[in-house]
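Written below as structure tokens is the structure these notes are about.
The values are calculated or read from the model by the stated rules, or taken from the named source; none is laboratory data. Everything quoted here is computed from the prediction, not taken from an experiment. Quick reminder, even Gly has a Cβ in these numbers, built from the backbone with ideal geometry, and neighbours come from all protein chains shown. Just so you know, the surface numbers come from the protein's heavy atoms only, side chains and all, with ligands and any DNA or RNA stripped out. Shrake-Rupley method; radii C 1.70, N 1.55, O 1.52, S 1.80 Å.
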Amino acid sequence: MVATVALVGTALTGIETGGAARVVLWGAVVLWGTAMAEIAVRLALGAVRALRRRGAKEAPGADGALPGAVDLHAPVAGRWRAFNSPADKVPSHGTHFLAQTYAIDIIRTPEDTTEDAPENAPDGTRKGASAPALRWWPPFPANRDFPAFGAPVLAPAAGRVVTVAGSAHRDHRARNTVLGLAYLMVVEQVVRSAAAGTGIGAIVGNHVVLELEDGSYALFAHLRRGSATVREGEAVRAGQQLAACGNSGNSSEPHLHFQLMDGPDPRRAAGVPFTWRGVGVPGNGTDFTAAPARTPEADRPEAGGPGASSGDGRAADRVN
């Protein structure tokens, strides 16, 4: 382009050398700017078209499920609330890192606890437990103040256990206060991001990966330390307890992080959309009541059902 302008400039007659140089320079600038503007417009239009195609492809249905979603049972029972849901945006956690494209976070709501409940019910409900609101003090609330802590985490479908990393990370105190969140975002996030280079445990904490019958892989993160009731290679049935909800890894409060992937290793896998039977995909801030799969095997304590113990006795211990 510039060479063409230069050739035209040399053909100019009756213009002094300095004037010809200025004409060539301004001509080159105009043509260059026009070409760059055209390229920018084409790129912008292409991006808009791509976003439109992706929006049409990934627009959630009435139940919040995305096209091609794997139909599963809920991985919990009772009343819960959703956050960072793929029903509202994709990627749901703002990143595709660790296959989190369609991940969801859920916490147990206080309505699931009653004054009649025993102090430590088999399903994890604790009498009088409630989720503390955002506050200043104490800066790091105890996990026992959250009804999600210790709640059973269930297999959403039949499958095989691929990974059990259930004891390496402690259940740290909650960071859902003003000071706690500041510490989490400013200090802890940096430390955990650096530690993620040595393994995913710094982010997902104690976790279980389950290979489902359809070929997808389910990841259950931030589990309670020592609560795993299954072993690697073990076959599990829908509704069978896998572990208990905890507060390990990069977590602001006790909750379950659930996601589907197309491979067993989150560092190499891609996210897969899901939907829960009877629930769909709950949107951000939406309360839902989950009814897990019920099979005779899942209800037997020896099969790891909701009434089963953790096997090592540590699930009943309160950390913090």
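Remarks
- For residue 213, net neighbour charge (Lys/Arg +1, Asp/Glu -1) across residues whose Cβ lies under 11 Å away: 0
- Separation of the residue 97 and residue 63 label points, Cα + 7 Å toward Cβ, nm: 3.3 nm
- For residue 243, the residues whose amide H sits under 5 Å from its own are 153, 229, ignoring neighbours fewer than 5 places away on the same chain, with H placed 1.01 Å from N.
- Solvent-accessible area per residue in segment 220-284 equals 31 Å², computed with a 1.4 angstrom probe and all protein chains kept.
- The H on the amide N of residue 167, modeled in the peptide plane, is under 5 Å from the matching H of 226, each at least 5 residues off or on a different chain.
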